[in-house]
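The values are calculated or read from the model by the stated rules, or taken from the named source; none is laboratory data. This one's a predicted model, so the numbers in the text were calculated from it and none came from an experiment. Quick reminder, even Gly has a Cβ in these numbers, built from the backbone with ideal geometry, and neighbours come from all protein chains shown. Side chains are part of the model used for accessible areas, which takes the heavy atoms of the whole protein and leaves out ligands, DNA and RNA. Shrake-Rupley method; radii C 1.70, N 1.55, O 1.52, S 1.80 Å.
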Amino acid sequence: MEPEGRPHATGQIIENAKHEAALERVAERLNWSKPLDRGTGTLRRGRGVAVAIKAVISPTTSVANVNIAADGSTTLLCGTVDMGQGSDTAMAQIVGEVLDIPAESVRVVPRDTDVTPYDMGTLGSRSLFHMGHAVQRAAEEARDKIKALAREVGEPEGSNIPLPELFKKRYGMQAGNIVGTGIYKPDYVPPDPATGLTPNATPFWMCAASGAEVEVDTETGHVRIARLITAVDCGRPVNPKIVETQISGAVLMQLGFTMFEKMHIDAGQVTNASLADYKIPAILDVPQVMENEAVESYLSSGPFGAKGVGETATFCVSPAIGNAIEDACGVRLTELPLNAEAVFRALRAKAANPLGDEQ
């Protein structure tokens with residue numbers, strides 16, 4: 001059932017959350033309505049889906065400054081750290097959209113607490129929404145100051161006078177600058193101590209769905225993931241290509257947690273503390289078919305309709321693969337990783353023939 005308009009367990013009414021659209025899109029791309037070849041002999045096939053929701057951390061604060069110099073160059077100062085997720089590009093796009101300038105002309109200052117303003121942290125898929133709002137507000141304030149400066153020097157309304165000429169007209173030379181500041185902290189209502197409920201726990205919901213088709217070798221427990229489909233609701237993507245790669249990266253990271261990665265500890269010491277011993281996905285472990293997309297959505301409270309996407313695609317990979325394994329061979333695994341040993345042990349236990357160390 002579509003959760004839109006229904007109360008969440010926190011008490012908040014769910015809005016702008018496209019669970020049903022994400023799940024339907026995954027089912028469509030996974031050919032869920034068509035029969036599945038179940039395999040023969042020891043090779044058994046199955047498929048599974050999962051859907052999830054998560055609140056973004058709240059309340060947190062972000063601050064941004066947009067500095068427009070006398071030569072017309074634009075600089076953005078913000079505390080969001082781009083670790084490869086593409087946030088610098090997205091923030092520059094927001095500035096460019098507000099000021100009607102090319103995004104590539106916006107210089108984003110490297111993060112340094114000596115010069116860049118406060119941000120709570122680059123985490124929890126909060127950056128595009130929180131810092132995006134702050135950046136948008138900073139750019140809007142700078143835009144308004146440009147208009148005020150134009151009026152001050154007698155330019156007609158809607159004048160397209162180049163910025164260097166505007167500054168020269170005001171100061172008699174290429175001098176001065178305009179600074180816009182934006183601060184954003186979403187509304188938040190603490191939970192009622194008596195009930196634990198609140199009407200406003202989060203400024204937005206992260207939603208995703210995943211579907212997996214797997215092949216299980218019941219003699220060895222080896223699992224081959226033939227198809228892995230993920231759809232997310234990230235509002236209106238500011239940069240669709242970056243969103244696509246964000247989803248791919250998140251899916252691959254969660255695939256590693258799901259199928260391979262495990263820290264082995266002996267007497268308090270990690271015994272597989274190198275990539276020679278700590279298994280992560282290699283290129284041959286990537287599903288032959290891996291499809292990722294953002295469903296059509298628009299977050300009315302987001303900057304240009306957007307919300308975060310970084311974590312969203314990780315939510316459903318593990319349960320979707322776990323459901324597919326159960327569908328294929330009838331064993332339910334509830335601990336990660338879902339590797340060959342775990343599947344083989346579960347198959348032996350199901351057959352009432354557990355391995356010797358489990359008897």
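Table for the structure above
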| item | result |
| --- | --- |
| Residue under evaluation residue 88, criteria (1) in contact (Cβ under 8 Å) with a residue 60 or more places away in the chain; (2) of a type in the set (D, E, K, R); (3) closer than 19 Å to residue 180 by Cα, criterion not met | (1) |
| The one condition in (1) modelled with pLDDT under 95; (2) within 21 Å of residue 202 (Cα to Cα); (3) open to solvent by 10 Å² or more (accessible area, probe 1.4 Å) that residue 17 fails to fulfil | (3) |
| Count - residues of segment 173-193 that are polar (S, T, N, Q) and open to solvent by less than 60 Å² (accessible area, probe 1.4 Å) | 1 |
| Close pairs (9 angstrom Cβ cut-off, 6 or more residues apart or separate chains): loosely packed, with under 11 Cβ neighbours inside 10 Å in segment 330-357, of a type in the set (Val, Ile, Thr) anywhere | 332/325 |
| Residue list for segment 31-57, filter: open to solvent by 50 Å² or more (accessible area, probe 1.4 Å), in a loop (DSSP other than H, G, I, E, B) and among the aliphatic types (A, V, I, L, M) | 57 |
| Tally, over segment 129-149, of residues that are in contact with a Lys or Arg (Cβ under 8 Å, 6 or more places away or on another chain) and within 30 Å of residue 160 (Cα to Cα) | 1 |
| Segment 261-276, subset polar (S, T, N, Q) and assigned to a loop (DSSP other than H, G, I, E, B), residue farthest from residue 15 (Cα to Cα) | 271 |
| Number of positions in segment 277-293 that are open to solvent by 60 Å² or more (accessible area, probe 1.4 Å) and not in a loop (DSSP other than H, G, I, E, B) | 2 |
| Of all residues making up segment 297-313, the number that are open to solvent by 20 Å² or more (accessible area, probe 1.4 Å) and in a helix (DSSP H, G or I) | 1 |
| Contacts under 7 angstrom Cβ, first residue in segment 165-183 being of a type outside the set (Val, Ile, Thr), partner loosely packed, with under 14 Cβ neighbours inside 10 Å, 6 or more apart | 167/174; 167/175; 168/174; 170/152; 174/71 |
| Whichever residue in segment 151-160 is under 16 Å from residue 100 (Cα atoms) and either of a type in the set (Gly, Ala, Ser) or part of a helix (DSSP H, G or I) (or both) and, among such residues, is most open to solvent (accessible area, probe 1.4 Å) | 158 |
| Residue satisfying condition, being in contact (Cβ under 8 Å) with a residue 40 or more places away in the chain and surrounded by fewer than 16 Cβ atoms within 10 Å (Cβ to Cβ), within set 230, 245 | 245 |
| Residue count, segment 112-130 (criterion: part of a loop (DSSP other than H, G, I, E, B) and closer than 16 Å to residue 307 by Cβ) | 5 |
| Selected residue (criterion: surrounded by the most Cβ atoms within 10 Å (Cβ to Cβ)) from residues of segment 248-276 that are within 22 Å of residue 55 (Cβ to Cβ) and touching a Leu at 6+ places or on another chain (Cβ under 9 Å) | 251 |
| Unique match (being at pLDDT below 95, within 24 Å of the chain's Cα centre (by Cα) and under 22 Å from residue 236 (Cα atoms)) among 125, 87 | 125 |
| Which listed residue, of 28, 4, 24, is part of a loop (DSSP other than H, G, I, E, B), of a type in the set (D, E, K, R), without any contact (Cβ under 8 Å) to a residue 24 or more places away in the chain and open to solvent by 70 Å² or more (accessible area, probe 1.4 Å) | 4 |
| Criterion: within 20 Å of residue 54 (Cα to Cα) and surrounded by 18 or more Cβ atoms within 10 Å (Cβ to Cβ) - qualifying residue of 163, 197, 128 | 128 |
| Members of segment 90-108 found to be farther than 17 Å from residue 235 by Cβ and open to solvent by less than 20 Å² (accessible area, probe 1.4 Å), listed by number | 92, 95, 96, 98, 106 |
| So residue 194, is it among the hydrophobic types (A, V, I, L, M, F, W, C), over 21 Å from residue 126 (Cα atoms), part of a loop (DSSP other than H, G, I, E, B) and within 39 Å of the chain's Cα centre (by Cα) | yes |
| Of all residues making up segment 294-310, the number that are out of contact with any Asp or Glu (no Cβ under 8 Å at 6 or more places or on another chain) and more than 15 Å from residue 203 (Cα to Cα) | 2 |
